[in-house]
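All remarks here apply to the structure that follows.
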Amino acid sequence: MRRTASSACIALLCVVASWTCAFGLPPVQRTVLDNGLVLLVSEEHSLPFVTINLMVKTGAKDDPPFGAGQAGLTASSVLLGAAGRTLKQINEELDFMGANMSASANKDYTTVSLRVLKKDFERAFPIFMDVVTKPTFPADEVKKEISRTLAAIQSSEDRPGRVADRAFEKALYLGGPYGHPTEGTVESVSKLTREAIREFHGLHYCPDNAILSVVGDIDQRSIDGYMVPRLKKWPKGSTPEKRIEIKFSTRKETIKINKPVTQSNIVIGNGGMSRDNPDYYAAQVMNYILGAGSLTSRLMEDIRNRRGLAYSVASTFEARKYPGPFMVFLQTKNRSATEAIKATMENLERMRSELVSEKELEDAKKYLVGNFPQRFSTQSRIASFFAQVEYYGLGLDYPEKYPSLINGVTREDVLRVARAYIHPDESVTVVVANLKEAGLE
Amino acid sequence: MTNTSTAPTIKDTVSLMGVVVKRLLLLVCLGAAGVLFLISPAGAALADHVSEVTLANGLKVILLENHKAPLVTFQVWYRVGSRDEESGKTGLSHMLEHMMFKGTAKVGPEEFSRIIAQNGGDDNAFTSTDFTAYFENMSADRVKIPIGLESDRMRGLLLREEDFKTERSVVMEERRMRTEDSPKAVLSEQLAAIAFQIQPYHWPVIGWMQDIARYTVGDLKKHYKTYYVPANAFIVLAGDFKKEAVLPMIEEAFGSTPAGTAPVQWQDKEEPQLGERRIVVRKEAQLASIEKAYHVPNLKEPDSYVLEVIAALLSAGESSRLNQTLVRDKQLALSVSADNELVSRDPNLFSVSADVLPGKTADVVEKALLAEIKLLQEAPVGDRELEKAKNQLEAGFTFAQDSIFAQAMLIATYEIASSWRDADTYVPAIRAVSPADVKRVAQKYLVPENCVTARLDPIPSAEQKPVEPGSPGKENIVR
């Protein structure tokens, strides 16, 4: 079953860059293969296992019109059968090794990952490659996958936070693929077909549209001698270049959804920024002060610590390939919904109207810079970190540059980005609550 | 994965985006072992890499050096959880955990977390049935900071009335979020409440809402004074440090704290059930759900490891029995799981559960679950299938050693339940399980008179609107 091992020569190349870092961050080596695949390798031998993370640059952003859920279903369906193996054979073989393989999509990209003991690596890797490059999408299994997806979508209605998120994105984006949920809707998923999945896979799952990170107990010899020859057999594709137009709602509105719950789940936000926006770092500092600094942010301080209205309240910029939302989310008992919304709005206004203090700015910088190494706490976090660095074009020296990107932010920058990217007057508010108890009927 | 673990509940921060330390984390941790050296039957044992020092005041310090990255996790574990509470004051341990962030004479409210954050660290805490734990994940060069702060709040907590009043509201919001508005969480809470009539596992870690509303600062002060003493706590430090350098810092910070008296930890155990117990929860929900739990021994008895293997046979991986039969072949369930509470201070539960697909009934799913249990009792498991389950458990144990945080959690949860040295028992004990053991243990414990069944019957809600997968899962830790 395994592909024959060729001892072949490896002129890997186009570019080999390697970087070992300053603060004990993990080293990484970057190689671009002839077929366009970017290979990122970070060796770490303290534990006898390997994590492989293939990022395919397709996600819900590439769902066709009326095909919401296409990227998500394609991801879960690659695991249903591949090359000569049935679903059952794949699962039996991987489970026997105690290996874990998974595939899922988000708005921007798809991740297929494998975690396996070093001793089983050469048994598991061919399965991984077949799943990615030669999935068979067996009709009966795809049909089952679709009905499971539909049930999962229905089940998620029991999560009021998720219901609020979906309503928020739908209202915020005036059309376009970021406005629909990655998993699709009951209506859209019911109409997805095996043929559409095959076609989507053929178009997007190509080496020149993908980034492979390999982290853990693997050495250069095994990469050059074993992995690369197999990776090179993956034929280059022709994924079409596609740009997405993002249009945000700028009309202030409140969407109320009635549910028999004890807490109102609230999302407030507006159109935000893309990951490549030069203001990204200033916005990170600003957002830390506003609502990302766990127990110590302004929102937490006011809404949780002072008023006791919520267990959790936070704000975030979902900076994606294309502009994502800025959003605040919280939960509070139904009858405090109005007070919590008002308090949130006041904090947003304050962020826009006055300079943050020197101390707030310094604390934010110290945390953001000092906490950076925590991003490397596990193999899978390292793998996904390097994949994202590559995907968003941040450069392999990103960890070295990061402190200066953050430390260069001034109080004036913070105020400027607050004014530029937080718009209470153009915001969408979603409240999922027992509306009667919340006084919002 | 299968699992282990006692039931915790979590404190803090944490957002929808899910930073909450959930059961999953704990499970994984417990399934994990040791360290950057594997615990294999033939290889190095945890005991060879962990060292233990006890200060003069009885405070145990457990140290695990791991130099792969310049990071440390510093953790203080108190041997107190909901099992130490009394009826009418349930959730008190968790409430106290929240109050531990409200300041001492030296450190103002929320100042603790602010100082940790200024130093680039992350801190949080969690409470379970069996323990209350506090942690700081820091750069290695900042290790002294959490040492100083933790020693300060071990003895100097202020517990101010006004802070308590506000924080009580926060905990009520937490309970609404975790439990009231999650049909599955309500189901699990109800199940525990009828499974345990004598043991304090009867009540939820976060406490009943009425109790949260009832207790006073006086109750908290008493709880703090009784349980937050060196004789009832231990420290775990894992990561990039040198023992010779760090021990004097710990000694200096904690050494002068009066030892206190270790409280009596004995709890009466359940009497055997006189017959199957069943409950129905009727609540607004999308899907029906069923959970069947059986009283089982914890890691102190060898059968508990056989139950680990049984849980793996049933639900570890896509090819496991419940996944293959209920999810794939018969298409009865959206998801299934089998859990074994191995690393638990008192005997706990083994459970199987399923979320029922639309158009199917809980009755049919229950019959299918029972058929799988019957199969375990009647037909010997094949060698290859048994080997597969063991491989999965062992690999899972290895994978879960990924972070120093998880390594520290593993050590600590074993230390709470019995001794951190028992983590070394895990892999050999799993490897020793035979097909005959599986059959015998299934016949002994997975029987109707030892079973508690809880069913969620959905009441359709007035407005239906569709839309992602994943269930809230059982919340065992509360932050």
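The values are calculated or read from the model by the stated rules, or taken from the named source; none is laboratory data. Because the structure is predicted, anything quoted here is derived from the model rather than measured. Glycine gets a Cβ as well: all are built from the backbone with ideal geometry, and neighbour counts include every protein chain shown.
Out of all the residues in region A:301-321, is one or more of a type in the set (Ser, Thr, Tyr) and assigned to a strand (DSSP E or B)?
First pass over region A:301-321, keeping only residues of a type in the set (Ser, Thr, Tyr): A:311-312, A:315-316.
Among the residues that remain, those that are also assigned to a strand (DSSP E or B) are: A:315-316.
Within region A:301-321, one or more residues are of a type in the set (Ser, Thr, Tyr) and assigned to a strand (DSSP E or B).
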(request) State the number of residues belonging to region B:318-332 that are buried (at least 24 other Cβ atoms within 10 Å of the Cβ) and at the interface with chain A (Cβ under 10 Å from one of its Cβ atoms). (result) 1
(request) Could you look through region B:244-296, keep only residues that are surrounded by 13 or more Cβ atoms within 10 Å (Cβ to Cβ) and within 14 Å of chain A (Cβ to nearest Cβ), and pick out the one that is farthest from residue B:196 (Cα to Cα)? (result) B:286
(request) Exactly one condition in (1) crowded, with 24+ Cβ neighbours inside 10 Å; (2) part of a helix (DSSP H, G or I) is not met by residue B:429; state its number. (result) (1)
(request) Could you please tell me which pairs satisfy a Cβ distance under 9 Å, a separation of 6+ or placement on different chains, a first residue in region B:265-277 that is under 11 Å from residue B:83 (Cβ atoms), and a second residue that is modelled with pLDDT of 95 or more and charged (D, E, K, R)? (result) B:265/B:79; B:265/B:83; B:265/B:84; B:265/B:345; B:267/B:83; B:267/B:84; B:267/B:345; B:267/B:346
(request) Taking the residues in region A:103-130 that are facing chain B (nearest Cβ under 10 Å) and assigned to a strand (DSSP E or B) as candidates, determine which candidate is surrounded by the fewest Cβ atoms within 10 Å (Cβ to Cβ). (result) A:104
(message) So residue A:46 ticks every box in (1) within 14 Å of chain B (Cβ to nearest Cβ); (2) under 16 Å from residue A:205 (Cα atoms); (3) not hydrophobic (A, V, I, L, M, F, W, C) but one. Which box is left unticked?
(response) (2)
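Would you tally the residues in region A:131-184 being assigned to a loop (DSSP other than H, G, I, E, B), more than 14 Å from every other protein chain (Cβ to nearest Cβ) and more than 30 Å from residue A:93 (Cβ to Cβ)?
Initial filter on region A:131-184 (assigned to a loop (DSSP other than H, G, I, E, B)): A:134, A:136-138, A:159, A:174-176, A:180-184.
Next, from what is left, pick out any that are more than 14 Å from every other protein chain (Cβ to nearest Cβ): A:134, A:136-137, A:174-176.
Now restrict to residues that are more than 30 Å from residue A:93 (Cβ to Cβ): A:174-176.
Selection size over region A:131-184: 3.
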(message) Any residue at all in region B:156-164 that's of a type outside the set (Lys, Arg) and at positive phi?
(response) yes
(message) I need a count of the residues in region B:352-390 that are away from chain A (no Cβ under 14 Å) and in a helix (DSSP H, G or I).
(response) 16
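Say we look at region B:396-407 and pick out the residues that are among the small types (Gly, Ala, Ser) and assigned to a loop (DSSP other than H, G, I, E, B); which of these is nearest to the other protein chains (Cβ to nearest Cβ)?
Pass one, region B:396-407, residues among the small types (Gly, Ala, Ser): B:396, B:400, B:403, B:406.
Within this subset, residues satisfying the condition of being assigned to a loop (DSSP other than H, G, I, E, B) are B:400, B:403.
Values: B:400: 10, B:403: 4 Å.
Filtering region B:396-407 for residues that are among the small types (Gly, Ala, Ser) and assigned to a loop (DSSP other than H, G, I, E, B), the one nearest to the other protein chains (Cβ to nearest Cβ) comes out as B:403.
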(request) Kindly state which helices (runs of 4 or more DSSP H) lie completely within region B:204-264 and contain at least 3 residues that are closer than 18 Å to residue B:58 by Cβ. (result) B:217-227, B:243-254
(request) Please determine, by comparing only the residues of region A:340-383 that are away from every other protein chain (no Cβ under 12 Å) and not in a helix (DSSP H, G or I), which one is farthest from residue A:285 (Cα to Cα). (result) A:354
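If you check residue B:393 against the conditions, is it surrounded by fewer than 20 Cβ atoms within 10 Å (Cβ to Cβ) and either in a helix (DSSP H, G or I) or within 14 Å of chain A (Cβ to nearest Cβ) (or both)?
On the way: surrounded by fewer than 20 Cβ atoms within 10 Å (Cβ to Cβ): no; either in a helix (DSSP H, G or I) or within 14 Å of chain A (Cβ to nearest Cβ) (or both): yes.
No; evaluated as a whole, the condition is false for this residue.
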(request) Residue by residue through region A:237-258, note down the ones that are among the charged types (D, E, K, R), part of a loop (DSSP other than H, G, I, E, B) and modelled with pLDDT of 95 or more. (result) A:247, A:251, A:252
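So, of the residues in region B:145-202 that are of a type in the set (Phe, Trp, Tyr) and away from every other protein chain (no Cβ under 11 Å), which turns out to be surrounded by the fewest Cβ atoms within 10 Å (Cβ to Cβ)?
Checked region B:145-202; the qualifying residue surrounded by the fewest Cβ atoms within 10 Å (Cβ to Cβ) is B:196.
Kindly establish whether residue B:73 is in a strand (DSSP E or B) and in contact with a Gly (Cβ under 7 Å, 6 or more places away or on another chain).
Details: in a strand (DSSP E or B): yes; in contact with a Gly (Cβ under 7 Å, 6 or more places away or on another chain): yes.
Judged against the criteria, residue B:73 is a match.
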